[in-house]
1. Please give the number of the condition GLY14 fails out of (1) in contact with a strand residue (DSSP E or B) (Cβ under 7 Å, 6 or more places away or on another chain); (2) on the phi > 0 side of the Ramachandran plot.
2. Hey, which of the helices (runs of 4 or more DSSP H) in the chain, taking only ones fully inside, have at least 3 residues that are surrounded by 14 or more Cβ atoms within 10 Å (Cβ to Cβ) and modelled with pLDDT under 95?
3. State whether one or more residues within region 49-62 are touching a residue at least 24 places away in the same chain (Cβ under 8 Å) and small (Gly, Ala, Ser).
4. Would you check which residues across region 49-83 are among the charged types (D, E, K, R) and more than 12 Å from the chain's Cα centre (by Cα) and list them?
5. In region 1-17, what residues are of a type in the set (A, V, I, L, M, F, W, C), without any contact (Cβ under 8 Å) to a residue 60 or more places away in the chain and touching a helix residue (DSSP H, G or I) at 6+ places or on another chain (Cβ under 9 Å)?
6. Would you pick out the residues in region 20-42 that are more than 18 Å from GLU73 (Cβ to Cβ) and aromatic (Phe, Trp, Tyr)?
7. Condition first: more than 13 Å from the chain's Cα centre (by Cα) and farther than 15 Å from PRO79 by Cα. Now tell me which residues in region 1-19 satisfy that.
Amino acid sequence: MKLKYFAWLRDSLGCDSEEIVLPDEIRNVGMLLDWLPTQDERFKRAFEYIDVVLISVNSHYADRDHPVHDEDEVLLAPPIAGG
């Protein structure tokens, strides 16, 4: 699976994208978001405010119930306010 990060998530994680191997038990976005912080301290810190982050799977908006697969591209983009 390819994960792509934007805005403060990119800064917090120290990269704009990375490839991960999705465990068999992770079947949807919610499970992915719950699992990632258990894998690495940087995810734990970065995902502290994950509830406000917009998730896209293969260029389509996704909620926590949306299925995920190893070949997917998942974008995590915090909302951005302008002035």
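1. (1)
2. It comes to 7-13, 41-46.
3. Checked against the condition, which is being touching a residue at least 24 places away in the same chain (Cβ under 8 Å) and small (Gly, Ala, Ser), region 49-62 yields at least one hit.
4. Those that are among the charged types (D, E, K, R) and more than 12 Å from the chain's Cα centre (by Cα): ASP65, ASP70, GLU71.
5. LEU13
6. The answer is none; no residue qualifies.
7. GLY14 - this is the single residue of region 1-19 that is more than 13 Å from the chain's Cα centre (by Cα) and farther than 15 Å from PRO79 by Cα.
The values are calculated or read from the model by the stated rules, or taken from the named source; none is laboratory data. As the structure is a prediction and not an experimental result, all values here were calculated from the model. Glycine also receives a Cβ, built like all others from the backbone with ideal geometry; neighbour counts cover every protein chain displayed.
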